[in-house]
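The values are calculated or read from the model by the stated rules, or taken from the named source; none is laboratory data. Here the structure is a predicted model, which is why all the values come from computation and not from measurement. A quick note on method: Cβ atoms are made from the backbone with ideal geometry, for glycine too, and the neighbour counts reach across all protein chains shown. Note: areas computed on protein heavy atoms with side chains; ligands, DNA, RNA excluded. Shrake-Rupley method; radii C 1.70, N 1.55, O 1.52, S 1.80 Å.
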Amino acid sequence: MSKHILMIITSNARMGDTGKPTGVWAEELAVPYYALVDAGHAVTLASPQGGAIPLDPSSVTGEASHDPAVVRMNGDATLQALLATTRPVAGIEFSGFDAVFFPGGHGTMWDLPGNADVRRLVEAAYAQGKWISAVCHGVVGLVDARRADGQSVVAGQRISAFTDAEEAAVGLTALMPFLLESRLRELGADFQPAGNWQAFAVRDGQFITGQNPQSSKQVVELLLTALAE
């Protein structure tokens, strides 16, 4: 049976006030998107600001540009049109969706935390018992959401995300507004790290999360299994 997934993508194209370009990591969007639609599911693309979303330039040049899903995305006029006209999260109600998915990219670190509508949608998904999935920095979309008892939705849950060690390895620790692994641990998550750049994803309760770009395929495979249950 076809399910409906809300994919929330960053609108942010700069790392803070540095001017350094960022955005969504193309492979972390394209791999889950195509896996879901090829399986017959519907995907609605949304973002904090609505409209066109920025692609991290590093994710569509060099070696990263050769990923088959990225190549497919670049030649897909239908998806390109959708990426240019994403729905603003402020106008979306979660009712009718079966899951929410957050692709990563460093852009997420600035515009997903602190966004009341992102928090509202994650809390609604949690309260309705729906799947909450994210990969890499996209897991930052979960940090504001709270359960009815006031605790973080990730408290006590096995969660993976881009690690502090990986942030240090790419030389961006000092530019981040906070470190994602550290914040998740502070919120009470049972953080699950693998080695740097190892494909790794974990499912626990309603949550399906992956560590890094290498984990996109594993995350969406777990999500597809969950949607089929």
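Things worth noting here:
- One residue stands out in the range 212-229 among those that are among the aliphatic types (A, V, I, L, M) and over 17 Å from Phe97 (Cβ atoms): the one that is surrounded by the fewest Cβ atoms within 10 Å (Cβ to Cβ), namely Leu222.
- Residue that is farthest from Phe97 (Cα to Cα), among those in the range 27-54 that are open to solvent by 50 Å² or more (accessible area, probe 1.4 Å) and of a type in the set (A, V, I, L, M): Ala52
- Figure legend. Inter-residue proximity from the range 162-190: first residues closer than 15 Å to Thr209 by Cβ, second residues open to solvent by less than 20 Å² (accessible area, probe 1.4 Å) and part of a helix (DSSP H, G or I), beta-carbon distance below 6 Å, spacing 6+ or different chains. Indicated pairs: Phe162/Cys136; Phe162/His137; Phe162/Leu180; Leu180/Val140.
- Within the range 1-26, the set of residues being open to solvent by less than 30 Å² (accessible area, probe 1.4 Å) and either charged (D, E, K, R) or over 29 Å from Thr173 (Cα atoms) (or both) comprises Ile5, Leu6.
- Residue tally, condition touching a helix residue (DSSP H, G or I) at 6+ places or on another chain (Cβ under 7 Å), assigned to a strand (DSSP E or B) and either open to solvent by 60 Å² or more (accessible area, probe 1.4 Å) or at positive phi (or both), over the range 179-211: 1
- Scanning the range 100-145 for residues that are in a strand (DSSP E or B), open to solvent by less than 10 Å² (accessible area, probe 1.4 Å) and among the hydrophobic types (A, V, I, L, M, F, W, C) gives Val100, Phe101, Phe102, Ile132, Ala134, Val135.
Residues are listed down the side, and each one gets a yes or a no for (1) over 13 Å from the mean Cα position of the chain (by Cα); (2) without any contact (Cβ under 8 Å) to a residue 24 or more places away in the chain:
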{"site": "Ile8", "(1), (2)": "no, no"}
{"site": "Val43", "(1), (2)": "yes, no"}
{"site": "Ala46", "(1), (2)": "no, no"}
{"site": "Ala52", "(1), (2)": "yes, no"}
{"site": "Pro57", "(1), (2)": "yes, no"}
{"site": "His66", "(1), (2)": "yes, yes"}
{"site": "Thr85", "(1), (2)": "yes, no"}
{"site": "Ser95", "(1), (2)": "yes, no"}
